[in-house]
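Nothing in this text is a laboratory measurement; each read-out follows from the coordinates by a stated rule. From a predicted model like this one, the values you see are computed outputs, not experimental measurements. Using ideal geometry, Cβ is built from the backbone for each residue, glycine included, and neighbour counts are taken over all protein chains shown.
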């Protein structure tokens, strides 16, 4: 059963004071707003990432670590992923998202609650150490999912900032979150790898259009609201370019909650899959949404220490 938060009258005042207004009725005077929060809040002495790695994350908004997991771990996680995707009991459930025009599952949410193996991975000290370094404090899992992009038929994702959605639709107050994507298949140029715009995390791009009710039902298949204007995207890409980390299965991509990213369709016969955890700092817990009438369902925006069974 979905649990959604109704917007209270006090939220109207909060929106007026919102440093990151979005889902606007008309184009704002400025194409973007400068980010207010620091990107890296911790120090090299606090964890496994070196000073140069933290500097790279600060500058570019993401960090790619090939070989984060070994072949044995990748094989074990891949087996778990396929076992979860093949469960008939998950088809048609709210936390199971199918490809547009197909019954093939493209995303399965709340996987750290569905699977003991993925729960252990979400709490792996290797991940949490990096997260604490970047966020400067303890964090909880705001969202988890596995993504599967089948060969030839896997659709892409439009350019977007996750923070824009989490702020507007989940009520995440500030940019104190980081995403960890672990690739479980080899990523190459033709199977729809994650693409990022370096440096885009330093600005917030307001988006146009009032958020429809139950927007998540459409946006998780094809996102139309919360997508930056093409002209703004062109300017940011001209400044920072586009990068798509590729390589063998087991690599880790850490990226800031506000880094603009997307992916192309899978044009190759090779499927692409990854497991994805979002870590939000504990003092940045979500409130009423800033750009929607109701908060998205629990499986998209977890409370701290969520333990809801969903199978």
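FRET efficiency for the pair residue 189 and residue 59, taken as 1/(1 + (r/R0)^6) with r the Cβ-Cβ distance and R0 = 25 Å, rounds to 0.55. Cα convex hull, the range 110-164: 129 Å³ per residue, rounded to a whole number. Calculate log10 I(q)/I(0) of the range 86-208 for q = 0.11, 0.12, 0.14, 0.21 Å⁻¹, where I(q) comes from the Debye formula with a single equal point scatterer on each Cα and nothing for solvent. The calculated log intensity ratios at q = 0.11, 0.12, 0.14, 0.21 Å⁻¹ are -0.47, -0.57, -0.79, -1.57. Expressed per residue, the C-alpha convex hull volume of the range 149-277 stands at 106 Å³.
Contact order for the chain, expressed relative to its length and based on alpha carbon pairs under 8 Å spaced 6+ residues apart, stands at 34 percent. The per residue volume of the convex hull around the alpha-carbon atoms of the range 79-148 is 100 Å³. Put in line by how crowded their Cβ is, counting other Cβ atoms within 10 Å and starting with the fewest, 91, 294 read 91, 294.
Relative to one another, the C-alpha centroids of the range 229-277 and the range 146-196 are positioned 7 Å apart. With the gyration tensor restricted to C-alpha atoms of the range 23-163, the semi-axes of the equivalent ellipsoid amount to 30, 25, 14 Å, longest first.
Descending by average beta-carbon neighbour count within 10 Å, the peptides 75-81, 203-209, 192-198 line up as 192-198, 203-209, 75-81, the highest first. The separation of the range 49-64 from the range 80-144, counted between C-alpha centres, amounts to 25 Å.
Translational D (Stokes-Einstein, µm²/s) of the range 252-311 at 4 °C and 1.567 mPa s when Rh comes from the Kirkwood sum over C-alpha pairs? Translational diffusion coefficient: 85 µm²/s. Put simply, the C-alpha atoms of the chain give a gyration tensor, and the ellipsoid matching it has half-axes of 27, 23, 21 Å, longest first. When peptides 53-61, 128-136 are sorted by average Cβ neighbour count within 10 Å, with the highest value leading, the order is 128-136, 53-61. Which shape class, rounded, prolate or oblate, goes with the range 24-97 when its Cα gyration tensor gives a ≥ b ≥ c as root eigenvalues, a/c under 1.5 marks rounded, and past that a/b bigger than b/c marks prolate? Judged from the Cα gyration tensor, the range 24-97 comes out oblate (a/c at least 1.5, b/c at or above a/b). Cβ crowding within 10 Å, taken as a proxy for footprinting-reagent exposure, orders 166, 32, 298, 159 from fewest neighbours to most as 32, 298, 159, 166. Listed from fewest to most Cβ neighbours within 10 Å, the set 98, 22 follows the order 98, 22.
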